[in-house]
1. Taking into account only those residues within region 68-77 that are modelled with pLDDT of 80 or more and not aliphatic (A, V, I, L, M), which is farthest from the ligand (Cβ to nearest atom)?
2. Could you list, in sequence order, the residues of region 86-110 that are out of contact with any Cys (no Cβ under 9 Å at 6 or more places or on another chain) and either in a loop (DSSP other than H, G, I, E, B) or modelled with pLDDT under 95 (or both)?
3. Report whether or not residue 80 is surrounded by fewer than 19 Cβ atoms within 10 Å (Cβ to Cβ) and farther than 30 Å from residue 219 by Cα.
4. Take residue 44 and decide whether it is within 11 Å of the ligand (Cβ to nearest atom), under 21 Å from residue 120 (Cβ atoms) and in contact (Cβ under 8 Å) with a residue 24 or more places away in the chain.
5. Can you tell me which residues in region 40-76 are part of a helix (DSSP H, G or I) and under 24 Å from residue 196 (Cβ atoms)?
6. Give the number of residues within region 143-165 that are within 16 Å of the ligand (Cβ to nearest atom) and closer than 29 Å to residue 51 by Cβ.
7. Out of all the residues in region 92-108, which are polar (S, T, N, Q) and either outside the structural domain of residue 43 (by TED's automatic domain parsing) or closer than 15 Å to residue 63 by Cα (or both)?
Amino acid sequence: MSESPRSVVVECPAKTNLTLAVGKPREEWAGRHELDTIYCAISLTDTVTVTEKPADTGFSLELDGTHLGDLASSQADMRRNHAVLALFAMAKAANREPNVGLSITKRIPVGGGLAGGSADAAATILGLNELWDLHWPAERLRQVAATLGADMPFCVTGGYARGTGYGERIECFAPDSPTATDLRAQGYAGSLVVGAYQSQLSTPEVYAAFDQIGAGEGDANHLQKAAVSLHPRSGQAIDAALKAGASHAFVSGSGPSVVAFTPTPAIRQAVVEAWKQGSCVDRIIAASAPAVPSITRHGDAIQ
Ligand code: ATP
């Protein structure tokens, strides 16, 4: 009897930042800015499948999805895909050969300020922890993730968390913690809509604009003014969503995507109509928050 190869499927949520305070760039962090942020994972997910391959066959990567952005043209450079970098980092940390097939279905807009690449890296780390039966705790997985990028440790856990350092130092807030309760009471939970764009914003360019013009008065996301200066339609989408009754509407991270929390179905409909009528966004994606990654194993042999 031939057995199908073992695989693990991980649904990994996108992130947004409910607040994002940007401090000074720090030389010892290769010029990265000091951050203090409240991360929130949203139920817009990429699906990453990690599958075992025979010894000495190396890794493979398949990508699908209708909105692959610059990934569609950079297929050849698959070694720089964040999921592949995560595979190599885990293989090194676990002293394993990277004989693994990676398959990614992308739904998170690429280069949209929603940490899609980080979500794929986090999904790979979570998937390999299962595939290789490592049983590493979240803290150890986050340590591997931190070697790869600022948002990746958060994406390993999801939910709500505070991020400090350059975003990589994570304090998670359990659903029943006072901070999570307070965030829910402020309307940062439940139904939301994401306004997404065909165009991408480069995170370093948004930080460079921030260094020039600073944060907008009263903006919870210090990068919002810089992102809107480079991509004015994001500003139009925020104004339209707030006018339509959204409890919060803001640029997600470094943009250009916009997140609007919609406390009732009627308000959600009003935001969608306003965005459509004003052509403020290219795509509208319904989601909810907070979300956590989900992990499913397939093909385990029955003894
Ligand atoms: P950042 O994480 O830099 O703030 P972002 O959240 O705006 O970025 P991502 O979707 O993570 O956007 O994409 C940033 C860049 O990372 C893209 O231009 C893309 O070429 C590259 N990248 C590498 N691997 C991936 C991946 N698996 N998914 C998305 N982008 C990836």
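1. Step one: list which residues in region 68-77 are modelled with pLDDT of 80 or more, which gives 68-72.
Okay, now just the ones that are also not aliphatic (A, V, I, L, M), so 69-70.
Values: 69: 7, 70: 5 Å.
Residue satisfying both the conditions and the ranking: 69.
2. First pass over region 86-110, keeping only residues out of contact with any Cys (no Cβ under 9 Å at 6 or more places or on another chain): 86-107, 109-110.
If the condition is that a residue be out of contact with any Cys (no Cβ under 9 Å at 6 or more places or on another chain) and either in a loop (DSSP other than H, G, I, E, B) or modelled with pLDDT under 95 (or both), then 95, 96, 97, 98, 99, 106, 107, 109, 110 are the ones that fit.
3. Working: surrounded by fewer than 19 Cβ atoms within 10 Å (Cβ to Cβ): yes; farther than 30 Å from residue 219 by Cα: yes.
In short, yes.
4. Here the answer is no, as residue 44 does not meet what is asked.
5. Our first condition is that a residue be part of a helix (DSSP H, G or I); within region 40-76, this holds for 69-71, 75-76.
Within region 40-76, 69, 70, 71, 75 qualify.
6. Residues in region 143-165 being within 16 Å of the ligand (Cβ to nearest atom) and closer than 29 Å to residue 51 by Cβ: 13 in total.
7. We begin by selecting, within region 92-108, every residue polar (S, T, N, Q); these are 95, 99, 103, 105.
Listed by number, the residues that qualify are 103, 105.
Conditions tested, residue by residue: (1) in a loop (DSSP other than H, G, I, E, B); (2) among the aliphatic types (A, V, I, L, M); (3) within 11 Å of the ligand (Cβ to nearest atom).
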{"residue": "14", "(1), (2), (3)": "no, yes, yes"}
{"residue": "21", "(1), (2), (3)": "no, yes, no"}
{"residue": "79", "(1), (2), (3)": "no, no, yes"}
{"residue": "84", "(1), (2), (3)": "no, yes, yes"}
{"residue": "118", "(1), (2), (3)": "no, no, yes"}
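The values are calculated or read from the model by the stated rules, or taken from the named source; none is laboratory data. Please read these numbers as outputs of a predicted model, since none were measured by experiment. Cβ atoms come from the backbone with ideal geometry, glycine included; neighbour counts cover every protein chain shown.
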